[in-house]
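First the structure, in the form of structure tokens, and then the observations on it.
The values are calculated or read from the model by the stated rules, or taken from the named source; none is laboratory data. All figures in this text were calculated on a predicted structure; none of them were measured in a lab. Every residue, glycine among them, receives a Cβ derived from its backbone with ideal geometry; neighbour counts consider all protein chains shown. Side chains are part of the model used for accessible areas, which takes the heavy atoms of the whole protein and leaves out ligands, DNA and RNA. Shrake-Rupley method; radii C 1.70, N 1.55, O 1.52, S 1.80 Å.
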Amino acid sequence: MKTLRSYIAGAWLEASAGFRTLVDPSTEEEVARASSEGIDFGAALDWARGEGGPALRRLTFAERGELLKAMAGVLREGRDELLELSRINNGTTRRDGNFDVGGGSGTLAYYAGLASGLGDRQVLVDGDGVQLTRDESFWGQHVLVPRHGVAVFINAFNFPAWGFAEKAACALAAGMPMIVKPATATALVAERAVEMVIEAGILPPGALQLVCGSTGDLLDRLGPQDVLAFTGSADTARYFRTHPHLVGVNVRLNVEADSLNAAVLGPDVGDDAATMELFLKDVAREITQKSGQKCTAVRRILVPDEHLTLVREHLAERLARVVTGNPADESVTMGPLATAGQLEDALAGAAELAAEAAPVFGDGGRVDGVGSPAGKGYFFAPTLLEAADARAVEAVHRREVFAPLATLLPYDGTAAEAAEIVALGGGTLVTSVYSDDEAWLGRYLAGAGSATGRIYLGSESAAGAAPGSGVALPQTLHGGPGRAGGGEELGGLAGLELYMQRLALQGSRKTVDAVSGRA
Ligand code: NAP
């Protein structure tokens with residue numbers, strides 16, 4: 001069985017004890033083991049702070065863009081190997097694996113272009129300068145410079161490649177060295193992706209390190225210039241937010257957590273409209289893609305009362321076409337959940353939701369998978385529930401079932417009621433709203449905009465190009481308020497801000513412009 005290695009202070013380390021086992025979720029066969037026992041986290045931080053950081057800060061944005069371009073190329077070239085590892089350890093079909101792996105290289109390539117466009121500068125100028133006295137002899141300008149610490153990434157199990165790449169793209173462009181810690185249960189893809197980048201010799205020494213296993217005493221060693229970028233559950237986020245040392249030295253923390261995302265069908269959408277077709281296609285895909293293990297998956301579906309029967313029938317029809325099983329079998333279109341623990345949690349969550357919303361397709365239980373031995377594999381068939389009263393269900397708005405399961409919620413068709421029901425989820429990463437009535441959409445935005453990080457407007461005019469609400473595009477923000485974590489990632493240049501310090505430069509306009517690089 002393969003033993004995963006960590007890359008610390010320029011050496012690949014293999015632990016000899018303290019292992020956790022990684023399995024193939026389609027067969028439950030053991031595929032690898034991982035442990036971080038014996039890692040000297042002090043040495044890791046010293047290498048990053050002492051060598052990686054200064055080396056990256058010496059580069060211009062354009063030079064960092066070249067590094068990102070090379071990283072994107074390496075992951076693109078290694079795609080087939082990574083997709084195979086994703087199948088073995090994440091249980092993904094090729095298409096679902098590519099959402100992670102291809103999404104990762106695409107995000108790196110986007111940031112490569114963005115950094116190149118910033119040219120030969122090392123300081124990011126933020127907005128216009130402002131005259132502070134009667135003339136330009138005293139002037140103010142906000143600028144951003146790289147933080148002199150380490151960016152630590154702690155990632156969730158569902159996106160081992162994209163989770164690493166989307167954080168690395170922003171940190172590297174900003175000029176910060178990185179320590180990457182993937183979720184242990186699915187670390188196979190991340191370990192190999194990092195290994196490919198290290199082997200290619202792209203990055204300066206100290207710029208990238210990898211921890212396979214737990215974080216040991218790393219968090220207790222972080223300082224005020226460091227950044228902790230976390231993606232995972234709200235429970236783990238709470239642990240970091242209240243961690244005495246992290247709080248004590250004020251480590252900058254970004255949290256990307258759970259989300260009970262909603263899809264809302266507007267009352268104007270007719271049965272045969274292109275917008276209805278987009279809604280049904282998007283929602284069916286957002287329930288089943290990556291077996292529902294996406295932080296951006298649709299969990300709640302708001303439908304005007306008069307459209308409920310049609311939507312229920314069409315979604316059931318689409319979900320019935322899903323073939324659940326081992327992605328090694330070519331007929332399979334949806335793989336298993338990633339771990340035994342995830343299956344157990346999803347089954348308990350489905351039972352909790354089914355106590356207040358009736359199953360209208362599937363039963364929220366485990367099934368045997370096509371191409372897998374009977375009784376083996378963490379398979380969960382697509383399930384659609386329906387609540388009689390959207391406001392009377394409590395668990396549906398509270399419990400994230402990380403599986404291919406969503407709940408239909410009837411509403412009266414007003415933007416105000418849709419906004420109120422969506423807000424019961426306590427803050428989401430994305431809400432998709434389907435309507436061709438722009439006045440209605442405007443009212444929805446006013447009522448519910450603050451409850452989400454992104455509103456995906458599905459309409460006839462976007463139907464030909466809309467990629468689906470689950471895609472976190474690097475050009476626009478990813479993150480959401482409240483239980484979604486309150487963080488922000490990506491969003492073009494905004495994504496660099498987590499890894500940089502914004503400061504105000506004050507002086508004569510001539511001096512400020514010269515120092516900021518604006519002159
Ligand atoms: P998790 O249990 O919170 O674990 C996430 C990461 O935190 C893992 O790397 C885990 O390491 C690490 N971790 C847990 N406890 C820790 C501690 N005390 N100290 C240091 N590290 C610790 O979440 P998950 O089950 O992997 O991910 C599923 C959740 O992530 C879902 O709720 C999903 O909605 C959310 N998610 C959010 C986004 C987003 O962008 N908002 C994206 C993807 C997923 P080990 O694996 O070693 O335990």
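The figures follow:
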read-out	value
Positions within the range 235-263 being in a loop (DSSP other than H, G, I, E, B) and either free of Cβ contacts under 8 Å to residues at least 24 places away in the same chain or more than 12 Å from the ligand (Cβ to nearest atom) (or both), in sequence order	Thr242, Asn250, Val251
First in the range 456-475 and under 22 Å from Gly113 (Cα atoms), second anywhere and among the small types (Gly, Ala, Ser) and surrounded by fewer than 16 Cβ atoms within 10 Å (Cβ to Cβ), Cβ under 9 Å, 6 or more apart	Pro474/Gly492; Gln475/Gly492
Single match in Asp80, Asp40, Asp46, Asp24 (criterion: among the acidic types (Asp, Glu) and within 30 Å of Leu144 (Cα to Cα))	Asp46
Residue list for the range 70-95, restricted to those being surrounded by fewer than 21 Cβ atoms within 10 Å (Cβ to Cβ) and under 18 Å from the mean Cα position of the chain (by Cα)	Arg95
Meets criteria (touching a Lys or Arg at 6+ places or on another chain (Cβ under 8 Å) and either closer than 27 Å to Arg398 by Cα or surrounded by 24 or more Cβ atoms within 10 Å (Cβ to Cβ) (or both)) for Glu344	no
Residue, farthest from Gly292 (Cα to Cα), within the range 378-412, restricted to residues that are away from the ligand (no atom under 16 Å from the Cβ), assigned to a loop (DSSP other than H, G, I, E, B) and acidic (Asp, Glu)	Asp412
Residue that is nearest to Val269 (Cα to Cα) [pool: residues in the range 420-442 that are within 24 Å of the chain's Cα centre (by Cα) and free of Cβ contacts under 8 Å to residues at least 60 places away in the same chain]	Ala423
Residue identified as open to solvent by less than 40 Å² (accessible area, probe 1.4 Å) and more than 26 Å from the chain's Cα centre (by Cα) among Ala357, Ala374, Ala320, Ala350	Ala357
Residue in the range 199-214 that is within 16 Å of the ligand (Cβ to nearest atom), of a type outside the set (Gly, Ala, Ser) and over 23 Å from Leu172 (Cβ atoms) present	no
Failed item in (1) closer than 30 Å to Ile154 by Cβ; (2) open to solvent by 10 Å² or more (accessible area, probe 1.4 Å), with Ala463 passing the rest	(1)
Any hit, the range 96-115, residues being open to solvent by 30 Å² or more (accessible area, probe 1.4 Å), at negative phi, of a type in the set (A, V, I, L, M, F, W, C) and within 16 Å of the ligand (Cβ to nearest atom)	yes
Positions within the range 215-233 being within 13 Å of the ligand (Cβ to nearest atom) and either within 20 Å of Gln501 (Cβ to Cβ) or not in a helix (DSSP H, G or I) (or both), in sequence order	Thr215, Gly216, Asp217, Leu218, Leu222, Leu228, Ala229, Phe230, Thr231, Gly232, Ser233
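One line per residue, one yes/no per condition, for (1) out of contact with any Leu (no Cβ under 7 Å at 6 or more places or on another chain); (2) near the ligand (Cβ under 10 Å from one of its atoms):
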{"residue": "Ser137", "(1), (2)": "yes, no"}
{"residue": "Gly140", "(1), (2)": "no, no"}
{"residue": "Val143", "(1), (2)": "no, no"}
{"residue": "Asn155", "(1), (2)": "yes, yes"}
{"residue": "Pro160", "(1), (2)": "yes, yes"}
{"residue": "Glu166", "(1), (2)": "no, yes"}
{"residue": "Ala173", "(1), (2)": "no, no"}
